[in-house]
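To keep things clear, I will list the structure first and then write my remarks on it.
The values are calculated or read from the model by the stated rules, or taken from the named source; none is laboratory data. As the structure is a computational prediction, the values presented were derived from the model and not from experiment. Methodologically, a virtual Cβ is constructed for each residue, glycine included, from the backbone with ideal geometry; neighbour enumeration extends over all protein chains shown. SASA here: full protein model, heavy atoms, side chains in, ligands and nucleic acids out. Shrake-Rupley method; radii C 1.70, N 1.55, O 1.52, S 1.80 Å.
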Amino acid sequence: HSHRAMAPGGRRRQQWPPFTLLLLGLVLLVLCYRLISGPVPSAPSSPMRQTAFEGPPLDGLETEMSAALPLCAIADLHGDLVHTLEALRLCGLVDEHGHWSAGSRRAVQLGDVLDRGNASIATLEKLWELRDEAAAAGGEFTLLIGNHELMNMQGRLFYVHGYARRGGQHSGELARIGGEVVWRQRLDPHTGDIGRRLVDQPAVVVRGEGECRTMFVHAGVRFRDAEKYKTVEALNRALREQILQGSGELLDSREGPLWWRGYARPHGSGARESDICKEIKSTAELYGARRMAVGHNIVPWISTRCAGTLQMLDVGMSSAYGGQPTAWRCDLIGGEARIRALYPVHEEAPPELCSRCSLASPLSRDWSECRDYCQR
C-alpha cells in the first residue's frame, strides 16, 4: 500500500523536488537577514559621490573643528634657538627639521626673544620664518614684543650677548653682528631692517575658542589702560606709535604692559592679592578672555595665580639661565578648558604657584625663586 499523504477529498498532495525546497529555504534565509539587519547601504553611484567631502567643511562644522584644535604658547626665549625649537616641538608645532607642521593650528610667543643668549637674531629670524610657514598652511603663529625688544629698539643694549660695559671690548653675538653701532642701526624702529619688523608686532592678543579664550601679553595690562584704549587693536596701535615717538605711558618701565610685574608679584607691588585678582579678571573679561597669560616673571614651573585667571609661563627656559624647554597648551574638551604645562619628560596641570612653593625646600633653587612671589 502507498503511504503518500492524501489531500482532503482523496487527492494526493503535490510534492516539491528537493532542489526547489532548498532554493526556497535560501530565499527565506536572505529575507529574514534583511528584515533583521535593515537595508544594505548602496555603493557610491558615481565618482562625484566618492569625492563629495573633499571640499570645505559644511557650515558649522569648520567652527567646531577649529575650536577643538589645541592652542599653544611659549614664553621668553632669550637668544636660545635650540630650546626654542624644542619648546615648539613639545606643542607639536614644528617637525624634526624645524619647519611648521601644525597645519591650521594657532600659537603665540610672548616676547623677549632677544638678549642674554648668544643667538638672539637667529632665533628671531627663525620665528619670522615659522610665522610665514604657519600662514601659508592656514595656521597662525603670533609673535608679541617684550620689554627686551623694546629696549633694543630704544638703543639700550645692556643685555645683548657680548656687550661690554664701561667701554670694554664687545664679544659674542654683538661682535659677530658688527658691534654696537651696527646693532643699533639694525634695531632702529624707523630705519633698521630688524627694528621696522619688530615695531609692527603686537603687544597683546586674544586667542582661543570658548573656555580656552586667553589674553596673551608679555607682562600684564593694567585695567585702566585696557579701559582707556577700549580694544586690543587700539592698545597695540597706541603702543606702536609711542615706540616710534620715543615716549608714552604704555612704555612706562614700571606699569606698562611690557614691564608690569604686579600681577605675578602682588606683594612686591604693595597691593593686596584679592585686589590684584579682581583686576586681572576684569581686564581679561573686558577683552573677551577667560584668563591672562604672561611671561616676564621667571617662576620655577609654569604656574597660576588667582584660581587660574593668571597663567605664568616664563620659567627661564634659555640656556643663559640654565633652563629647559617648556610650553603651555589649552585643549577644549567637552566645552571645558584643559590646560597643560609641557616639559621634555612630562606634562601636568599648572599648579597654583604659592601652594607648590610652600612645599619647596629652603635650600633649593625653587625656594629662592619662590621668595619673590609668595609670602611665608
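Among the residues in region 285-298, are any free of Cβ contacts under 8 Å to residues at least 60 places away in the same chain and either surrounded by fewer than 21 Cβ atoms within 10 Å (Cβ to Cβ) or under 18 Å from the mean Cα position of the chain (by Cα) (or both)?
Looking for residues that are free of Cβ contacts under 8 Å to residues at least 60 places away in the same chain and either surrounded by fewer than 21 Cβ atoms within 10 Å (Cβ to Cβ) or under 18 Å from the mean Cα position of the chain (by Cα) (or both), one finds at least one in region 285-298, hence yes.
Can you name the residue in region 367-376 that is touching a residue at least 12 places away in the same chain (Cβ under 8 Å) and buried (at least 16 other Cβ atoms within 10 Å of the Cβ) and is also farthest from the chain's Cα centre (by Cα) among such residues?
My answer is C374.
Which of the residues belonging to region 87-127 are open to solvent by 10 Å² or more (accessible area, probe 1.4 Å), closer than 19 Å to A203 by Cα and within 17 Å of the chain's Cα centre (by Cα)?
Once the filter is applied, which keeps residues that are open to solvent by 10 Å² or more (accessible area, probe 1.4 Å), closer than 19 Å to A203 by Cα and within 17 Å of the chain's Cα centre (by Cα), region 87-127 yields only R106.
Can you tell me which residues in region 287-308 are among the β-branched types (V, I, T) and part of a loop (DSSP other than H, G, I, E, B)?
I298, V299, I302 - these are the residues of region 287-308 that are among the β-branched types (V, I, T) and part of a loop (DSSP other than H, G, I, E, B).
Mind counting the residues in region 91-116 that are β-branched (V, I, T) and closer than 19 Å to A341 by Cα?
2
Report, by residue number, each residue of region 309-337 that is open to solvent by 60 Å² or more (accessible area, probe 1.4 Å), without any contact (Cβ under 8 Å) to a residue 60 or more places away in the chain and within 27 Å of W260 (Cα to Cα).
none
When you scan region 251-269, do you find a residue that is within 16 Å of V108 (Cβ to Cβ) and either open to solvent by less than 10 Å² (accessible area, probe 1.4 Å) or in contact with a Leu (Cβ under 6 Å, 6 or more places away or on another chain) (or both), even just one?
Yes, region 251-269 contains at least one residue that is within 16 Å of V108 (Cβ to Cβ) and either open to solvent by less than 10 Å² (accessible area, probe 1.4 Å) or in contact with a Leu (Cβ under 6 Å, 6 or more places away or on another chain) (or both).
Test L143 against the stated conditions and say whether it is closer than 30 Å to S104 by Cβ and among the hydrophobic types (A, V, I, L, M, F, W, C).
So L143 fits the description; yes.
Within region 106-153, can you find the residues that are β-branched (V, I, T) and in contact with a helix residue (DSSP H, G or I) (Cβ under 9 Å, 6 or more places away or on another chain)?
Once the filter is applied, which keeps residues that are β-branched (V, I, T) and in contact with a helix residue (DSSP H, G or I) (Cβ under 9 Å, 6 or more places away or on another chain), region 106-153 yields V113, I121, T123, T142, I145.
When the residues of region 225-272 are filtered to those that are of a type in the set (V, I, T) and in contact with a Pro (Cβ under 9 Å, 6 or more places away or on another chain), which remaining residue is nearest to M215 (Cα to Cα)?
Restricting to residues being of a type in the set (V, I, T) and in contact with a Pro (Cβ under 9 Å, 6 or more places away or on another chain), the top hit is V232.
What are the residue pairs meeting all of these: first residue in region 162-181, first residue β-branched (V, I, T), second residue modelled with pLDDT of 95 or more, Cβ atoms under 8 Å, and 6 or more apart or on different chains?
I177/I121; I177/W183; I177/R186
If I filter region 347-358 for residues that are under 20 Å from the mean Cα position of the chain (by Cα), open to solvent by less than 50 Å² (accessible area, probe 1.4 Å), on the phi < 0 side of the Ramachandran plot and among the hydrophobic types (A, V, I, L, M, F, W, C), do I get at least one hit?
Within region 347-358, none of the residues are under 20 Å from the mean Cα position of the chain (by Cα), open to solvent by less than 50 Å² (accessible area, probe 1.4 Å), on the phi < 0 side of the Ramachandran plot and among the hydrophobic types (A, V, I, L, M, F, W, C).
Select from region 233-250 the residues that are open to solvent by 20 Å² or more (accessible area, probe 1.4 Å), touching a residue at least 24 places away in the same chain (Cβ under 8 Å) and either hydrophobic (A, V, I, L, M, F, W, C) or on the phi < 0 side of the Ramachandran plot (or both) and list them in ascending order.
N236, R240, L244, E249
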